[in-house]
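This report concerns only the one structure given below.
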Amino acid sequence: MRRDEKPVLSTHDLTVRFGGHIAVDAVSCDFHRGTLTAIVGPNGAGKTTFFNLISGQLSASAGTVWFNGEDITRLSVAQRTMRGIGRAFQLTNLFPGLSVRENARLAVQAHQRMGMDLFSMADNHVELIERAEHILSEVHLLEKAGQIVSELSHGDQRKLEVALMIAIGPQVLMFDEPTAGMSVDEVPIILDLISGLKQDQDRTILLVEHKMDVIRSLADRIIVLHNGELVADGAPAEVIASPMVQQAYLGIAPEDTQESAHV
């Protein structure tokens, strides 16, 4: 964790209200490059809403979001994406009728702003295909490049979703419950993939996850939200060991801290 450097991403008193309900309540938090931060809390705590505010799917009622020293609070999702904030969603956002290679090629092409003709013949874009295949190799999907996406397993679709995010070259990678809906056999594949992405110390990773064993294996830091407020922030061992977090926010007794739990 590079605390000596300025944060890549920051929220300052970030707040959103839905009628009389405050879903995220004045959350201030810094995120540094080279760090994977897990965002946890009980259902309804505001985790995904906080993600939506950072990535631009929701507009803040108050407070600000800063990226590389720039106030991006009023920027659109697309503008934030082009600046380097990438997000993988709980539901895959793919073209199911196209091949794995074409999905990756379209993502590379869109990032390079090569016009609106995204569905032009791939044979006309050799350099795009080469870049797409390099990314597919990163996520261990190159051998399935010709396969139609709808025929992929759920785990492989998740891997492809990560490939599409990598294609935009983000500094910040946001994962919203990346193992949701996966079989026991598929979960380690995604964990290995995210662990590999962590090796690039120029990347900043944010992770919303319910599985405590996943959090323990990946996180450098944990922040805990409850009723929209930031109630804990620190190293995983420190946060998990807190009786307040164990009982009130993780829903587990102190003696169960070594077991997997939902947060």
*Can you find a residue in the stretch 209-223 that is farther than 14 Å from Thr35 by Cβ, of a type outside the set (Asp, Glu) and touching a Lys or Arg at 6+ places or on another chain (Cβ under 7 Å)?*
no
*Taking into account only those residues within the stretch 135-145 that are more than 21 Å from the chain's Cα centre (by Cα) and part of a helix (DSSP H, G or I), which is surrounded by the fewest Cβ atoms within 10 Å (Cβ to Cβ)?*
Glu143
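Could you tell me how many of the residues in the stretch 179-208 are modelled with pLDDT of 85 or more and assigned to a loop (DSSP other than H, G, I, E, B)?
Going residue by residue through the stretch 179-208, those that are modelled with pLDDT of 85 or more are 191-208.
Right, trim to assigned to a loop (DSSP other than H, G, I, E, B) and you get 199-203.
Final tally of qualifying residues: 5.
So, in the stretch 117-134, exactly how many residues are assigned to a helix (DSSP H, G or I) and either modelled with pLDDT under 90 or among the charged types (D, E, K, R) (or both)? Talk me through it step by step, then tell me what you get.
Filtering the stretch 117-134 for residues assigned to a helix (DSSP H, G or I) gives 122-124, 126-134.
Subset that is either modelled with pLDDT under 90 or among the charged types (D, E, K, R) (or both): 122-124, 126-131, 133.
Residues that pass the stated criteria total 10.
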_For the structure I just gave you, tell me whether Val239 is in a strand (DSSP E or B) and either at pLDDT below 70 or not basic (Lys, Arg) (or both)._
no
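Go through Leu191, Leu197 for me and flag whichever is aliphatic (A, V, I, L, M) and either within 23 Å of Glu5 (Cα to Cα) or touching a strand residue (DSSP E or B) at 6+ places or on another chain (Cβ under 7 Å) (or both). Give the steps one after another, and end with the answer.
Numbers: Leu191 fails: either within 23 Å of Glu5 (Cα to Cα) or touching a strand residue (DSSP E or B) at 6+ places or on another chain (Cβ under 7 Å) (or both).
That would be Leu197, the only listed residue that is aliphatic (A, V, I, L, M) and either within 23 Å of Glu5 (Cα to Cα) or touching a strand residue (DSSP E or B) at 6+ places or on another chain (Cβ under 7 Å) (or both).
Tell me which residues, restricted to the stretch 55-78, are in a strand (DSSP E or B) and touching a helix residue (DSSP H, G or I) at 6+ places or on another chain (Cβ under 9 Å). Can you show your working first?
Applying the first criterion (in a strand (DSSP E or B)) to the stretch 55-78 yields 62-67, 70-71.
The answer is Gly63, Val65, Phe67, Glu70.
Can you tell me which residues in the stretch 147-177 are outside any helix (DSSP H, G or I), of a type outside the set (Gly, Ala, Ser) and at pLDDT 85 or above?
First pass over the stretch 147-177, keeping only residues outside any helix (DSSP H, G or I): 147-148, 152-153, 168-177.
From what is left, the residues that are of a type outside the set (Gly, Ala, Ser) are 147-148, 152, 168, 170-177.
Within the stretch 147-177, Gln147, Ile148, Leu152, Pro170, Gln171, Val172, Leu173, Met174, Phe175, Asp176, Glu177 meet the criteria.
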*assigned to a loop (DSSP other than H, G, I, E, B), modelled with pLDDT of 90 or more, surrounded by fewer than 21 Cβ atoms within 10 Å (Cβ to Cβ) and basic (Lys, Arg) - does that describe any residue in the stretch 210-224?*
no
_Among the residues of the stretch 4-37, what is the count of those that are under 17 Å from Asn227 (Cα atoms) and touching a Lys or Arg at 6+ places or on another chain (Cβ under 8 Å)?_
1
*In the list Asp185, Asp233, which residue meets the criterion of being under 14 Å from Arg158 (Cα atoms) and either in the same structural domain as Ile22 (by TED's automatic domain parsing) or in contact with a Leu (Cβ under 8 Å, 6 or more places away or on another chain) (or both)?*
Asp185
*Does Leu14 satisfy the criteria of being under 24 Å from Ser195 (Cα atoms) and in contact with a helix residue (DSSP H, G or I) (Cβ under 8 Å, 6 or more places away or on another chain)?*
no
_Any pair with Cβ under 8 angstrom, 6 or more apart, that starts in the stretch 143-161 at a residue that is closer than 14 Å to Ala88 by Cα and ends at one that is modelled with pLDDT of 90 or more and of a type in the set (S, T, N, Q)_ = Leu160/Asn103
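The values are calculated or read from the model by the stated rules, or taken from the named source; none is laboratory data. Values in this document were obtained by computation on a predicted structure and should not be read as measured data. Don't worry about glycine lacking a Cβ; one is built from the backbone with ideal geometry, like all the others, and counts go over all protein chains shown.
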